[in-house]
Amino acid sequence: GDSVTQMEGPVTLSEEAFLTINCTYTATGYPSLFWYVQYPGEGLQLLLKATKADDKGSNKGFEATYRKETTSFHLEKGSVQVSDSAVYFCALSSGGGNKLTFGTGTQLKVEL
Amino acid sequence: GAVVSQHPSRVICKSGTSVKIECRSLDFQATTMFWYRQFPKKSLMLMATSNEGSKATYEQGVEKDKFLINHASLTLSTLTVTSAHPEDSSFYICSAPGHGSYNEQFFGPGTRLTVL
């Protein structure tokens, strides 16, 4: 079955540091890949997505590239801010349906 | 973007009682909604797919008699945890898919259930 593996957190960074959160997946066919973010006390929000190999999703300074050869979708940001502190979930959807398979989530804490 | 609400945001109940959680799509219609359970430091686990006008589809290992789902209208799905026990304490989240082609989901803020 489908699965998503994320690096374990929590990740603690200083403001303006470079962020990478690793995500790899196993899926049948050609899945769509997503990063969702959950701010404290809020529901999950879509951060970015990519639907085919070599696509790059980007939003709010975050980027992730769909790498079919390494089955990865690592999340990166060049300079994090305190407001980026949240839990980040990598997810995939395959088979043409709407079901999402999530990774375990990675908590990010950005300090001044 | 589309908004999904949940009510209540948190509930505390005694063991053996039943608790109903509502999930509403506020500005769009959803013939399908999804219910997830999130354990501390764990991923979201899909429990079931709620289908308007038909029975819910439950994931393997989820007791359908324990977690009753009713998709009453195109904007409302309810999850009822029957005869709740402490091990049912968790964070329950619903979502509804958008109408685009990339399976984007819109999530509710979640309901924290604590069973004493």
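Values quoted throughout were computed directly from the atomic coordinates according to the rules given, and no laboratory measurement underlies them. The shown structure was predicted, so the numbers you read here are calculated from the model rather than taken from an experiment. Cβ: placed from backbone, ideal geometry, glycine included. Neighbour counts: every protein chain shown.
Springs between alpha-carbon pairs under 10 angstrom, Gaussian network model over chain B: which of B:Leu46, B:Leu26, B:Leu76 fluctuates most?
B:Leu26
I'd like the chymotrypsin sites (Phe, Trp or Tyr not before Pro) in the stretch A:1-72 restricted to DSSP loop residues with at most 14 other Cβ atoms within 10 Å, sorted by number.
Qualifying residues, ordered by number: A:Phe18.
Only sites in a loop by DSSP and with at most 15 other Cβ atoms within 10 Å count here; which chymotrypsin sites (Phe, Trp or Tyr not before Pro) in the stretch B:42-116 make the cut?
Loop-located and lightly packed - B:Tyr102.
So, counting K/R as plus one and D/E as minus one, what does the shell of residues with Cβ under 12 Å around A:Val11 add up to?
Summing Lys and Arg as +1 and Asp and Glu as -1 gives -1.
Using +1 on the beta carbon of Lys and Arg, -1 on that of Asp and Glu, and nothing else charged, what's the dipole of chain A about the Cα centre, debye to 20?
Using only the charged Cβ atoms, the result is roughly 360 debye.
Restricting to Cα pairs below 8 Å that are 6+ residues apart, what does the relative contact order work out to for chain A? Please round to a whole percent.
37 percent
Based on the Cβ-Cβ distance from B:Leu74 to A:Ala53, what FRET efficiency comes out when R0 is 25 Å, to the nearest 0.05?
Efficiency, rounded to the nearest 0.05: 0.10.
Sort out the exposed loop trypsin sites (Lys or Arg not before Pro) in chain A (DSSP loop, at most 14 other Cβ within 10 Å) and tell me the longest stretch that has none.
My reading of the result: A:1-51 is the longest stretch.
Give a quick list of GluC sites (Glu not before Pro) in the stretch B:22-116 that DSSP marks as loop, anything other than H, G, I, E or B, with at most 11 other Cβ atoms within 10 Å.
Taking the stretch B:22-116 and a limit of 11 other Cβ atoms within 10 Å, the loop GluC sites (Glu not before Pro) found are B:Glu63.
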